[in-house]
Amino acid sequence: MTESKATRREWIGLAVIALPCMLYSMDLTVLNLAVPHLSADLKPTSAQLLWILDIYGFLVAGSLITMGTLGDRIGRRRLLLIGAAAFGVASVIAAFSNSAEMLIATRALLGVAGATLAPSTLSLIRNMFHDPQQRTFAIGVWVTSYSVGGAIGPLLGGVVLEYFWWGAVFLLGVPVMALLLIVGPKLLPEYRDPNAKPLDLLSAALSLAGVLLVIFGLKRIAEHGFGLVAAASVGAGVLIGVVFVRRQRRLEHPLIELQLFRSRTFSAALTIYMLATFAAFGAYVFIAQYLQLVLGLSPLEAGLWSLPSFFAFIAGSMIVPILARRFPAAQLIWAGLIVAAVGFAVLTQLDRANPLGIIVTGSVIYSLGVSPVVILATDIIVGSAPVERAGAASAISETSSELGGALGIAILGSIGTAVYRTRMTAAIPNGVPSDVGEVARGTLGGATAVAERLPDQVGAALLGTARDAFTQAFVATAAVNAVLILVTAIAATVMLRHAQHQARARESSAA
């Protein structure tokens, strides 16, 4: 029996769905450019500034599971529209915030509203596109919308800040959300689980607390290294996660159906997706620092040199659905991982001539390789779940991506920091005071700051040593990524073999 094909209405609906996804990604990056302006206006403390930047991502990650399951219960279109309305209102309030506390609160509300977008839109795609090939293409468009948002966010934000006040960056999304509220009810179908039961609020609170604590702890490890607060946060998050899982086993109507994880296909795709985001997010942090602190590029120049990797990912996202018509998903994922491993291997040559060319080449190659992994793993995760559980499956998929990214930043950041400190300890130049040397051994940013206060010759020697140490740290993490992705590629051939057998069975049934 063949699956029904999507009509023009579904394809127009897909374009509507892509808009809030692009906006969600823009909101993650555009605020970074506004930091100097809002700092001068609101005068936040250093701790408040960190919360202004981080609270959005924290609440998105922590709320995904609850929002995905809530969409299955109250209707995915309804949840999307509620989230869009809340996002628009919170954006206006954030734009006119007159204190740091007010901006933190509205950013938190934006995070909760933003958490409705990914699971709602992805689960709607599951309902709108029943044909596997069309669904793969639709998910490719969905993934591409996030990449486009990430690419144009800093550029568009820079243009807005050139002519308007810092709050205007939040108003960019208001027309998009207004358009979604107008056309969404007409173009997007509604779907909800007909047998849905009330939401278990305690489970929702446990999932939020567990994910928040783990993400917070991992981010703290990435910024400050291992410490008591970071370890306690991650440990508490894991403990709450164990309590959450045990509660789901006891409940008659759990927040998450643990039976989803019994599917080898679902679990394998989820693991591969998490490892891919682990490597990609971890590498991006080093690339951004290298471009600015080692090569001395401005933030705008660094952003422009990052665009080729975004465009490579977008191009890959468009090509993958075409290739998926001829090759099994397992083979494409394996090939993509091999290509990504080659890209990370190129980055290990960074200490040789033409470092900017190596950065661009390596990031373009690994972005091309990661694109089939993201699209096809997402397709497998959503497609292997029952239609009535598509919202929960979508939320689990996005949560694994958030956790993978946070783990990559924390673990690879810790490895890089260890290599950097070891190199700096062994090669600190003569004439550098001990207190200055201690700061320089901490981070490259610290070394750059203190080098400016030293005599020219000593400062230049310290800065050169720090840049070389950071380069070696970058090379070490790129090597770790290359090995990790290569091992993942080998494991994927085994883990997804079951998915390939299922695909052949479906083709035989359709024939």
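General observations
- Pairs, first closer than 27 Å to residue 460 by Cβ in the stretch 291-314, second of a type in the set (S, T, N, Q), C-beta under 6 Å, six or more apart: 293/448; 302/292
- Qualifying residue in the stretch 100-108 (condition: of a type in the set (Val, Ile, Thr) and in a helix (DSSP H, G or I)): yes
- Candidates in the stretch 85-117 are the residues that are surrounded by 24 or more Cβ atoms within 10 Å (Cβ to Cβ) and touching a Gly at 6+ places or on another chain (Cβ under 8 Å); of these, the one that is nearest to residue 316 (Cα to Cα) is 117.
- The condition of being surrounded by fewer than 19 Cβ atoms within 10 Å (Cβ to Cβ), among the hydroxyl-bearing types (Ser, Thr, Tyr), within 16 Å of residue 404 (Cβ to Cβ) and not assigned by TED's automatic domain parsing to the domain that holds residue 153 does not hold for residue 298.
- Some residue of the stretch 366-387 being in a helix (DSSP H, G or I) and among the charged types (D, E, K, R): yes
The rows are residues; the columns are (1) closer than 22 Å to residue 273 by Cβ; (2) surrounded by 18 or more Cβ atoms within 10 Å (Cβ to Cβ); (3) modelled with pLDDT under 90.
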site	(1), (2), (3)
317	yes, yes, yes
323	yes, no, yes
340	yes, yes, no
379	yes, yes, yes
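- Cβ-Cβ contacts under 9 Å between residues 6 or more apart (or on different chains), taken from a first residue in the stretch 424-439 that is under 14 Å from residue 451 (Cβ atoms) to a second residue that is assigned to a loop (DSSP other than H, G, I, E, B) and of a type in the set (Val, Ile, Thr), are listed as 437/428.
- Of the residues making up the stretch 436-467, those that are hydrophobic (A, V, I, L, M, F, W, C) and more than 22 Å from residue 221 (Cβ to Cβ) are 436, 449, 450, 451, 454, 458, 460, 461, 462, 463.
- Scanning the stretch 128-152 for residues that are modelled with pLDDT of 80 or more and small (Gly, Ala, Ser) turns up 138, 140, 145, 149.
- Residue match in the stretch 153-160 (condition: part of a helix (DSSP H, G or I), over 30 Å from residue 89 (Cβ atoms), modelled with pLDDT under 80 and in contact with a Gly (Cβ under 6 Å, 6 or more places away or on another chain)): no
- Restricting the stretch 411-451 to residues that are modelled with pLDDT under 75 and among the charged types (D, E, K, R), the residue that is nearest to the chain's Cα centre (by Cα): 441
- Within the stretch 280-310, the residues that satisfy the criterion of being touching a Leu at 6+ places or on another chain (Cβ under 6 Å) and more than 21 Å from residue 155 (Cβ to Cβ) are 282, 293.
- Comparison of 154, 189 shows that the only residue that is in contact (Cβ under 8 Å) with a residue 60 or more places away in the chain and within 15 Å of residue 79 (Cα to Cα) is 189.
- All conditions in (1) within 20 Å of residue 380 (Cα to Cα); (2) of a type outside the set (Asp, Glu); (3) over 19 Å from the mean Cα position of the chain (by Cα) hold for residue 160, with the sole exception of (1).
- Filter result for residue 120 (outside any loop (DSSP other than H, G, I, E, B) and either aromatic (Phe, Trp, Tyr) or not assigned by TED's automatic domain parsing to the domain that holds residue 240 (or both)): yes
The values are calculated or read from the model by the stated rules, or taken from the named source; none is laboratory data. Just so it is clear, the structure is predicted and the values come from calculations on it, not from any experiment. When we count neighbours, we look across all protein chains shown, and the Cβ atoms used for this are built from the backbone with ideal geometry, even at glycine.
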